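Here is the structure we will look at, set down as structure tokens.
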Amino acid sequence: VVKMVLMAPIALVRILLLVVSLLFLALICMLATCGMDFSMDPETKDRRPMGGCRRALLLPVRLIARVMLFLFGYVWIEEGFRNGRCCGTAAKVIVANHVTWIEPLYFIWRELPCAAAKSELADSYIGAVVSKSLSLVLVDRFTSEGRHNALQQIANRASPTSGFPPLIIFPEGTTSSQSTLTTFKRGAFAPLQPVQPVVVQYPFCNFDPAWVPGISTTWHALRMVCQVYNRLQVDYLPVLSPTVEETADSRPGEMFAARVRDVMAGTTDPNMVVTTHAFEDVRLLSKVAKPGYSLKTISSVTTTQELDDMLEWNLDDVQWALDKFREFDKFVCCLLVFVCCLLACLLSILNKIT
């Protein structure tokens, strides 16, 4: 708290400059996409790639992204390239662990890629402008049709001849702590093309930048700008290609995704936890926590994937069971309160009699 008070004037200047940077970012994106045709190509079921001149107009976006990283306290970024290049990657698909909302800024600065992102990002005006200019694959994570459309677009952009810039995907589908890698979705790996694994770490002393469920976005951003500086380590691992066995997998990309995750976990913290939890578990946890259940009192002893394997329950089935349990839980609580009141009344009567 003392540090936040002392850093308040600097934090205020940073916030003002971040707002200005964001406005410049939106303006450049608007100019680059002015008059652009966003209709879908009937053959690929995807929009057409942006032309070279329009991509050139987006080059200042890389500088703005680096300025925003600087304003968030990432003055110096430690980078390692084990892929045989001095920077960047030769693979069309980049996969990285997702800790917080800083990684997209880093990859915009380093690669200026297209990316797969949740469809809610386009709900705001600035988000919609940026998503169009960066040719984002907007994934509706809550419907099977939305996920299927995203798979088609990812497969198109993963092709070496697609004409799109490198595609960055966070295969966990949501943010997680630095010490954990959740299940990788197979979307980035289903095209069975070489992928560039990237491991992102945030060494810290007092403030953990991990943006996990239960942390307010506003409070998280405020804590970040109140740090004197923050550290970011990015490690480009060697490019990985699918094996013959993985190519013959009945669910394309699933075995490949598991191997890439194991490689990423094995090259970072030796205490890294690899878990079968996935985005669906985070979504379920958020729903359970909303009615007033404390996140601290919830213990996850299984996963939605395990329930699907054992009971063939999908997320809606699990949600139905939780709703029934919540109703029963409320009934039991009310019953306990009633019994306690009744016992209190009986004790009061007995005291008067004696």
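The values are calculated or read from the model by the stated rules, or taken from the named source; none is laboratory data. Bear in mind the structure is a predicted one, so any value in this text is a computation, not a measurement. Quick reminder, even Gly has a Cβ in these numbers, built from the backbone with ideal geometry, and neighbours come from all protein chains shown. Quick note on the areas: whole protein, heavy atoms, side chains included, nothing else; ligands and nucleic acids left out. Shrake-Rupley method; radii C 1.70, N 1.55, O 1.52, S 1.80 Å.
Over region 127-168, with every protein chain in place, what whole percent of the accessible area is carbon and sulfur at 1.4 Å, could you tell me? Don't jump to the answer; show the numbers that get you there.
On the way: 960 of 1710 Å².
The nonpolar share, carbon plus sulfur, comes to 56 percent.
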*Kindly rank 123-132, 160-169 from highest to lowest mean number of other beta carbons found within 10 Å of each residue.*
160-169, 123-132
*What nm value, rounded to one decimal, do you get for the distance between A90 and L63 when each label is placed 7 Å out toward the C-beta?*
3.1 nm
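Percent relative contact order of region 1-143, based on C-alpha pairs within less than 8 angstrom and at least six residues apart?
Values: 106 pairs, mean separation 36.5, N = 143.
Rounded, it is 26 percent for region 1-143.
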*Can you pull the percent of region 1-98's accessible area that's carbon plus sulfur, 1.4 Å probe, other chains left in place?*
74 percent
*Could you pull out the chymotrypsin sites (Phe, Trp or Tyr not before Pro) across region 8-113 that fall in loop regions by DSSP (anything but H, G, I, E, B) with no more than 10 other Cβ atoms inside 10 Å?*
F38, W76
*Packing-based ranking, highest mean first, of 133-142, 59-68 given that Cβ atoms within 10 Å are counted*: 133-142, 59-68
*Total charge dipole magnitude, region 26-136, about the Cα centre, Cβ charges on Lys, Arg, Asp, Glu only, Debye to nearest 20*: 280 debye
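Averaged per residue, what accessible area in Å² does region 156-223 show with a 1.4 Å probe, protein chains only? It would help to have the intermediate numbers written out before the result.
Details: 2520 Å² over 68 residues.
Heavy-atom accessible area per residue stands at 37 Å².
Give me the number: length gained by fully extending R251 to E79, i.e. 0.36 nm times residue separation minus the C-alpha to C-alpha distance, one decimal in nm.
Working: separation 172, 0.36 × 172 = 61.92 nm, distance 3.42 nm.
Contour length minus Cα-Cα distance gives 58.5 nm.
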*Counting only C-alpha contacts under 8 Å and six or more residues apart, can you give the relative contact order of region 135-261 as a whole percent?*
26 percent
_Inter-site label distance for L6 and K118 at 7 Å from Cα along Cβ, in nm_ = 3.6 nm
_Pair V273, D41: separation of 7 Å Cα→Cβ label points (nm)_ = 4.3 nm
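Tally Lys/Arg at +1 and Asp/Glu at -1 over every other residue whose Cβ is under 9 Å from the Cβ of Y236; what's the total?
Charge balance near Y236 sits at 0.
Subtracting the Cα-Cα distance from 0.36 nm times the residue separation, let me have the gained length for M30 to L17 in nm, one decimal.
Details: separation 13, 0.36 × 13 = 4.68 nm, distance 1.99 nm.
Roughly 2.7 nm would be gained on extension.
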*Förster radius 56 Å - calculated FRET efficiency between F142 and V228, Cβ distance, rounded to 0.05*: 0.90
_Highest mean first, how do 194-201, 183-190, 48-55 rank when packing is the count of other Cβ atoms within 10 Å averaged over residues?_
183-190, 194-201, 48-55
*Taking only protein heavy atoms and a 1.4 Å probe, what accessible area per residue, in Å², does region 1-118 have with all protein chains in place?*
52 Å²
